[in-house]
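**Student:** What follows is a single structure, and I will ask about it in a moment.
The values are calculated or read from the model by the stated rules, or taken from the named source; none is laboratory data. In this text, all values refer to a predicted model and were calculated from it rather than measured experimentally. A quick note on method: Cβ atoms are made from the backbone with ideal geometry, for glycine too, and the neighbour counts reach across all protein chains shown.
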Amino acid sequence: MTGRYAPSPTGALHLGNLRTALLAWLFARSAGSRFLLRIEDLDAGRVRAEHEAGQLADLEGIGLDWDDAPVRQSDRSDLYRAALELIDTYPCFCTRAEIREAASAPHGSPAGDPYPGTCRNFTRGEQARRERSGRPPALRVRASGAHVTVTDRLAGPIGAPIDDFVVRRNDGAFAYNLAVVVDDAEQGVQEVVRGADLLSSTPRQVWLAGALGLAAPSHAHVPLVLGADGSRLAKRHGSVTLAERPEDPEYVRGMLAASLGLAEPGSAPSMEQLLARFDPAGLPTRPWTFS
Ligand code: GLU
């Protein structure tokens, strides 16, 4: 088996990210699997080289190791371009606000608003008229109302209708949902362990794997870490990165392990001890509130 952790180098990893990474490592290594690291750096506007270096150092700092050199998505455009050739796509000129309006979802959903299909059946003339407007189009895949149910190892079954989602953004970047599917298959990843915030993207990804003729991995979405105010842990909560913590990284690892029921609070367990204690069936199913 092969597992992975796939951070986006758009900032320092916080305790929620580190806890997810530790879990992904524990899932993989406790099963004797390979463990890969993939740098998801397609969002050129937000990615910084120093974040990549800092993230790798922090992951090492809490005791993770990985097989092979990490790959960067920005080096893999040819793979994504080739995948786009295999699916039925169409240009979409809609703005986010237009989609929100059409879908009449006031706050949007974590997976983005379902696309109502505005640009799906444009005639050539309509398409040309939109092109002349100067707004570069995104590319959407024609999913034609497919419905997918995925059984998550931790979260159970999740079913969703698949909308025509974006596979290439209107700034030219390959979309996360495309790249992640292509990469997991190309890297032989069979088990995806990641934060529960990505659960709602999973049916789209499993559908896309099928459309590309690729095997979909199994999934385990782990509960999130929340700040004292009950919102998803973020930098603004303060003291949430290794650099901001007064303790050494092994102690922080102990904190994370304690939150998972794998160590006594205040202890500094070794990675070997955590591996020996790890049991996916015993993981907490609720978010952890960090204060
Ligand atoms: N790069 C994504 C993130 O940092 C994770 C993608 C994944 O694990 O599928 O949120």
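**Student:** When you scan segment 187-234, how many residues do you find that are surrounded by fewer than 21 Cβ atoms within 10 Å (Cβ to Cβ), assigned to a helix (DSSP H, G or I) and away from the ligand (no atom under 14 Å from the Cβ)?
**Tutor:** The total comes to 2.
**Student:** Going by the conditions given, is ALA57 free of Cβ contacts under 8 Å to residues at least 24 places away in the same chain, more than 11 Å from the ligand (Cβ to nearest atom) and hydrophobic (A, V, I, L, M, F, W, C)? Spell out how you get there, then give the answer.
**Tutor:** On the way: free of Cβ contacts under 8 Å to residues at least 24 places away in the same chain: yes; more than 11 Å from the ligand (Cβ to nearest atom): yes; hydrophobic (A, V, I, L, M, F, W, C): yes.
So ALA57 passes the test.
**Student:** Looking at the structure I just gave you, is ASP113 more than 30 Å from ALA28 (Cα to Cα), of a type in the set (Asp, Glu) and either modelled with pLDDT under 90 or within 20 Å of the chain's Cα centre (by Cα) (or both)?
**Tutor:** Numbers: more than 30 Å from ALA28 (Cα to Cα): yes; of a type in the set (Asp, Glu): yes; either modelled with pLDDT under 90 or within 20 Å of the chain's Cα centre (by Cα) (or both): yes.
For ASP113, the condition - more than 30 Å from ALA28 (Cα to Cα), of a type in the set (Asp, Glu) and either modelled with pLDDT under 90 or within 20 Å of the chain's Cα centre (by Cα) (or both) - is met.
**Student:** Give segment 177-223 a look and list any residue that's of a type in the set (A, V, I, L, M) and within 11 Å of the chain's Cα centre (by Cα), or say none. Write out each step before concluding.
**Tutor:** Applying the first criterion (of a type in the set (A, V, I, L, M)) to segment 177-223 yields 178-182, 185, 189, 192-193, 196, 198-199, 206, 208-209, 211-212, 214-216, 220, 222.
Correct list: ALA179, VAL180, VAL181, VAL192, VAL193, ALA196, LEU198, LEU199.
**Student:** Here is a follow-up. Please state which one of GLY172, GLY134, GLY188, GLY125 is among the small types (Gly, Ala, Ser) and closer than 28 Å to GLY32 by Cα.
**Tutor:** Working: GLY172 fails: closer than 28 Å to GLY32 by Cα; GLY134 fails: closer than 28 Å to GLY32 by Cα; GLY125 fails: closer than 28 Å to GLY32 by Cα.
Among GLY172, GLY134, GLY188, GLY125, only GLY188 is among the small types (Gly, Ala, Ser) and closer than 28 Å to GLY32 by Cα.
**Student:** Would you pick out the residues in segment 1-17 that are of a type in the set (Ser, Thr, Tyr) and either within 11 Å of the ligand (Cβ to nearest atom) or in a helix (DSSP H, G or I) (or both)?
**Tutor:** Result: TYR5, SER8, THR10.
**Student:** If I ask for residues that are assigned to a loop (DSSP other than H, G, I, E, B), in contact (Cβ under 8 Å) with a residue 24 or more places away in the chain and either among the β-branched types (Val, Ile, Thr) or surrounded by fewer than 16 Cβ atoms within 10 Å (Cβ to Cβ) (or both), which ones from segment 118-136 would you list? First the steps, then the outcome.
**Tutor:** In the first step, residues of segment 118-136 are kept if they are assigned to a loop (DSSP other than H, G, I, E, B); the result is 118-123, 133-136.
In the following step, the residues that additionally are in contact (Cβ under 8 Å) with a residue 24 or more places away in the chain were identified as 118-120, 122, 133, 135-136.
Hits for segment 118-136 are THR118, ARG120, SER133, ARG135, PRO136.
**Student:** Inspect segment 159-168 for any residue being within 14 Å of the ligand (Cβ to nearest atom) and of a type outside the set (Ser, Thr, Tyr) and give the result as yes or no. Even if it seems obvious, please write down each step before you answer.
**Tutor:** So in segment 159-168, the residues within 14 Å of the ligand (Cβ to nearest atom) come out as none.
Within segment 159-168 (the criterion being within 14 Å of the ligand (Cβ to nearest atom) and of a type outside the set (Ser, Thr, Tyr)), the answer is no, since none of the residues qualifies.
**Student:** Do we find a residue being outside any helix (DSSP H, G or I) and under 29 Å from GLY238 (Cβ atoms) anywhere in segment 69-92?
**Tutor:** Here is the first cut: in segment 69-92, the residues outside any helix (DSSP H, G or I) are 69-72, 76, 86-92.
Now narrow it down to the ones that are under 29 Å from GLY238 (Cβ atoms): 70.
Yes - at least one qualifying residue is present in segment 69-92.
Residue-wise test of (1) modelled with pLDDT of 95 or more; (2) part of a helix (DSSP H, G or I); (3) out of contact with any Phe, Trp or Tyr (no Cβ under 8 Å at 6 or more places or on another chain); (4) among the basic types (Lys, Arg).
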residue	(1), (2), (3), (4)
ARG19	yes, yes, no, yes
TRP25	yes, yes, no, no
GLY32	yes, no, yes, no
LEU36	yes, no, no, no
GLU50	yes, yes, yes, no
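**Student:** If you go through segment 23-50, how many residues are away from the ligand (no atom under 14 Å from the Cβ) and either within 21 Å of ALA258 (Cβ to Cβ) or buried (at least 23 other Cβ atoms within 10 Å of the Cβ) (or both)?
**Tutor:** Residues that pass the stated criteria total 3.
**Student:** Filter segment 137-158 down to residues that are more than 16 Å from the ligand (Cβ to nearest atom) and assigned to a loop (DSSP other than H, G, I, E, B) and give me whichever is modelled with the lowest pLDDT. If you could, list the steps in order and put the result at the bottom.
**Tutor:** Taking segment 137-158 first, the residues more than 16 Å from the ligand (Cβ to nearest atom) are 137-149, 151, 156-157.
Restricting the remaining residues to those that are assigned to a loop (DSSP other than H, G, I, E, B) gives 137, 142-146.
On the way: PRO137: 97, ARG142: 97, ALA143: 96, SER144: 81, GLY145: 84, ALA146: 94.
Ranking the qualifying residues of segment 137-158, first place goes to SER144.
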